[in-house]
Amino acid sequence: MLKRLQEKWGVSTRQFWILFIVFGLTGTTTALLTRYITSWLGMDAGTFWLWKVLLRVGMLVFGYQFILLGYGALLGQWAFFWKYERKLLRKMGILRKETTDDGRQTTENSRLFIDDRIIQNSKLKTQNKEFPTVRIAIFASGAGSNAEKIISHLKNHSSIIVSLVVCNKPGAGVISIAAANEIPVLLIEKERFFRGDTYIPELSAYGINFIVLAGFLWKIPEALVAAYPNQIINIHPALLPKYGGKGMYGMKVHEAVIAAGEKESGITIHYVNEHFDEGEPIFQARCPIDETDTPESLAQKIHVLEHRHFPEVIEKLLK
Ligand code: GAR
């Protein structure tokens with residue numbers, strides 16, 4: 001039953017227990033406070049029953065809710081409880097129905113920035129209607145610094161959860177990052193990924209409805225693209241369409257950019273289709289290249305851009 005409740009709330013196990021603690025503390029505090037106010041007002045057995053009932057109902061309807069928000073904020077769960085309160089206020093008719101039950105605006109505008117231009121992203125509107133809670137699988141093969149930033153950025157998010165890390169290298173750094181954050185890891189093998197069921201049953205079992213490639217170097221098979229239409233995004237460490245395609249990953253990209261004498265480079269976040277680095281772009285950010293830059297120093301600049309923007313772009317895209 002608890003598992004079902006956790007799924008309904010769309011939270012991680014850790015967050016689930018924190019929420020329980022908040023509810024527990026709130027209940028106890030409200031009861032103690034009610035008792036204190038009762039004696040402060042001098043209410044006793046002889047007091048007219050209606051006054052006592054009114055006090056209790058008032059404490060339950062208003063006091064409890066304020067205390068809940070207070071403890072929620074103290075334990076880092078403001079977003080969850082504010083959403084909960086808004087829902088309650090809407091049910092009571094105090095708040096207008098400007099937002100949907102999961103807190104999204106009804107006039108949804110999933111807009112993202114490409115440089116300074118705003119692009120309208122209509123595809124995701126349909127997607128989010130189907131999946132109010134977004135469960136992300138991060139696919140990564142390397143150190144996992146991007147995965148780490150995304151996980152920590154979304155840690156307390158009430159409706160976007162990193163539910164799984166998918167990795168094709170047993171010793172990769174991203175595995176310990178997942179373990180430290182209590183996120184399950186699915187280790188995948190080439191044969192099944194490219195010629196089998198592409199691990200779609202496992203992804204479904206975890207309720208995955210969005211995939212983020214953060215340094216994942218295998219091509220995504222057509223079957224997976226078809227199973228997750230417009231629901232797979234990738235980050236590439238260059239300004240696509242330049243320096244993309246097969247074999248262009250990590251340091252190889254930076255070496256090629258420096259060798260070509262480029263004056264700037266950057267990052268591209270894009271949808272994934274069945275071709276390497278060719279899906280529709282979502283976001284780009286740039287950085288200058290100095291004459292003294294090496295592939296290694298450029299890689300550092302690119303990582304700074306990635307860490308700054310990737311988690312935020314994901315959140316904006318899915319909100
Ligand atoms: C990132 O720079 C990412 O852009 C790149 O791999 C790195 C992974 O770093 N991805 C590609 O090159 C994909 N073609 P991380 O493991 O520290 O996140």
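Could you identify the single residue in Ile188, Ile220 that is within 13 Å of the ligand (Cβ to nearest atom) and open to solvent by less than 30 Å² (accessible area, probe 1.4 Å)?
Details: Ile188 fails: within 13 Å of the ligand (Cβ to nearest atom).
When all the criteria are applied, what remains is Ile220.
A single member of Ile282, Ile267 is open to solvent by less than 30 Å² (accessible area, probe 1.4 Å) and near the ligand (Cβ under 9 Å from one of its atoms), and it is Ile267. What are the residues in the range 54-80 that are in a helix (DSSP H, G or I) and open to solvent by 70 Å² or more (accessible area, probe 1.4 Å), if any? The answer is Leu54, Arg56, Val57, Leu60, Phe62, Phe66, Leu74, Trp78. Residues of the range 238-260 that are near the ligand (Cβ under 7 Å from one of its atoms) and either touching a strand residue (DSSP E or B) at 6+ places or on another chain (Cβ under 6 Å) or closer than 21 Å to Pro221 by Cα (or both): Met248, Tyr249, Gly250. With respect to (1) assigned to a loop (DSSP other than H, G, I, E, B); (2) open to solvent by less than 50 Å² (accessible area, probe 1.4 Å); (3) closer than 26 Å to Lys155 by Cα; (4) more than 16 Å from the ligand (Cβ to nearest atom), the lone exception for Leu203 is condition (1).
Just checking, which of Ile183, Ile161, Ile151, Ile175 is part of a strand (DSSP E or B) and either within 15 Å of the ligand (Cβ to nearest atom) or among the β-branched types (Val, Ile, Thr) (or both)? Full working, then the answer.
Details: Ile183 fails: part of a strand (DSSP E or B); Ile151 fails: part of a strand (DSSP E or B); Ile175 fails: part of a strand (DSSP E or B).
Going through Ile183, Ile161, Ile151, Ile175 in turn, the sole match is Ile161.
Criterion applied to Gly63, Gly103, Gly93 was being at pLDDT 85 or above and farther than 22 Å from Glu280 by Cα, and the one residue passing it is Gly63. Among the residues making up the range 116-140, a single one is modelled with pLDDT of 95 or more and over 28 Å from Gln77 (Cβ atoms): Phe139.
The values are calculated or read from the model by the stated rules, or taken from the named source; none is laboratory data. Remember, it's a predicted structure, so these values are computed and weren't measured experimentally. Positions of Cβ are generated from backbone atoms using ideal geometry, with glycine treated the same way; all protein chains shown enter the neighbour counts. Remember, those area values only see protein heavy atoms, side chains included, never the ligands or the DNA or RNA. Shrake-Rupley method; radii C 1.70, N 1.55, O 1.52, S 1.80 Å.
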